[in-house]
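This report refers to the structure that appears directly beneath it.
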Amino acid sequence: MKSGRAAGGTAAPAGGTRTPAGAGSFLAQPLNAARLAAYAGLFVLGAVVGVAGALVQQAWTPGGLLLALAGSAGAFYGGSRATGTRGGAVAPAAGWLVAVMFLTATRPEGDFVFGAGVGSYVFLLGGMGVAVMCATLGQSPQPGASDARLGK
């Protein structure tokens, strides 16, 4: 009889099979050069989307704001789906956050990109909310091999 527990005290899936080594959390997955390059590219993509969103969000009210948030969501969710990990959503979100925070700082000359309107706050908080949602979305599990044969 199989015990209902896998290594580490977590419940094993039905059928007694364990998840593959690479299907765990972000920290449990092996980091290789291709994965690091993908995360670096996603970080740069997130920064570009953040700059573009900051410039577009006040252009057409409310269409520019919706376009900026949709672009951010596309980068975050697309990164997650492209890599198959939550880290794929975190990398562009980090790039987006760095770019947007850099653009919110005022300069000695008094120039800044974001105005003091409601749209700017919706873009900042909405983008952060979308980043958290995309980073915490569970990856859809693939059906594992069953111990039983179909048709019996």
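Going by the conditions given, is PHE76 in a helix (DSSP H, G or I), aromatic (Phe, Trp, Tyr) and buried (at least 24 other Cβ atoms within 10 Å of the Cβ)?
yes
Just to be sure, is VAL113 open to solvent by 30 Å² or more (accessible area, probe 1.4 Å), of a type in the set (Val, Ile, Thr) and either more than 21 Å from PRO30 (Cα to Cα) or more than 21 Å from the chain's Cα centre (by Cα) (or both)?
Yes; evaluated as a whole, the condition is true for this residue.
The values are calculated or read from the model by the stated rules, or taken from the named source; none is laboratory data. None of the values given here were measured: they were computed from a predicted structure. Quick reminder, even Gly has a Cβ in these numbers, built from the backbone with ideal geometry, and neighbours come from all protein chains shown. Side chains included, ligands, DNA and RNA excluded: accessible areas come from the protein's heavy atoms. Shrake-Rupley method; radii C 1.70, N 1.55, O 1.52, S 1.80 Å.
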